[in-house]
Amino acid sequence: MARIAALIDLGLFWLTRALAALGAACVAGMAALVFMAVVMRYAVGAPFAQTEEIAGLLMVSAVFLGIPHVLATHGHIRVGLVYDHSGGWLRRLMWVLGQAVLLAFALVFLRDALADLRLTRMLNLRSEVGRVQLAPFVALMVAGVALTALVAAWQALRPPPAPRDLADTPEPIADLPGQGARR
């Protein structure tokens, strides 16, 4: 059973990592688009009309494609004052409750996002200036939230991670006045 769980963990990791790579490509595309818009505006005097719309759509896509990987790798911001100093059943309870809250949020968001996707497809909605079809971007949002819900549900079934397995914050610099060794 542990081998199957480890394979599922690995599969979720690589799936979320692939989507995060797509999100990173969206960020790179957004940067290139904004750079080209600046060049066109100041060098040629003819800016692209749809730059802001497409950049906004790429930014939202990057966020929703990256969220599942951040969750799967425990790279998100967290407050662990009690969690880090607890153990046993209390740590497990806090872990499951945290995942349940995230799962509930993701399911409500997913319900609304699916309704938005149906409406976007039904009306064939497009962006205002560039006339870019919105359905693919809304579908990416739905996929990102669905995968986030799946990761949260799977992690609730798994043992809670030890504090050392979670994303670390940098250690304080010891050479600052008032900290560490004195010279």
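Quick note: the coordinates plus some simple rules give every number you see, no bench work behind them. This one's a predicted model, so the numbers in the text were calculated from it and none came from an experiment. Cβ: placed from backbone, ideal geometry, glycine included. Neighbour counts: every protein chain shown.
So, in the stretch 1-51, of the ones that are of a type in the set (Gly, Ala, Ser), touching a residue at least 12 places away in the same chain (Cβ under 8 Å) and within 24 Å of residue 136 (Cβ to Cβ), which residue ends up surrounded by the most Cβ atoms within 10 Å (Cβ to Cβ)?
Looking at residues that are of a type in the set (Gly, Ala, Ser), touching a residue at least 12 places away in the same chain (Cβ under 8 Å) and within 24 Å of residue 136 (Cβ to Cβ), I get 23.
Pull out all pairs, ordered by first then second residue, where Cβ-Cβ is under 9 Å, the residues are six or more apart or on different chains, the first lies in the stretch 68-95 and is part of a loop (DSSP other than H, G, I, E, B), and the second is among the polar types (S, T, N, Q) and surrounded by 13 or more Cβ atoms within 10 Å (Cβ to Cβ).
Partner pairs satisfying both residue conditions: 73/16; 74/155.
Name the residue that is farthest from the chain's Cα centre (by Cα), counting only residues in the stretch 137-162 that are closer than 18 Å to residue 80 by Cα and touching a residue at least 24 places away in the same chain (Cβ under 8 Å).
Residue satisfying both the conditions and the ranking: 159.
If you check 77, 67, 54, which single one turns out to be out of contact with any Phe, Trp or Tyr (no Cβ under 8 Å at 6 or more places or on another chain) and surrounded by fewer than 14 Cβ atoms within 10 Å (Cβ to Cβ)?
Criteria check complete, one pass: 77.
Give 66, 87, 80, 23 a once-over and let me know the one that is out of contact with any helix residue (DSSP H, G or I) (no Cβ under 7 Å at 6 or more places or on another chain) and of a type outside the set (A, V, I, L, M).
87
How about the stretch 138-148: which of its residues are crowded, with 21+ Cβ neighbours inside 10 Å and farther than 18 Å from residue 21 by Cβ?
Hits for the stretch 138-148 are 138, 145.
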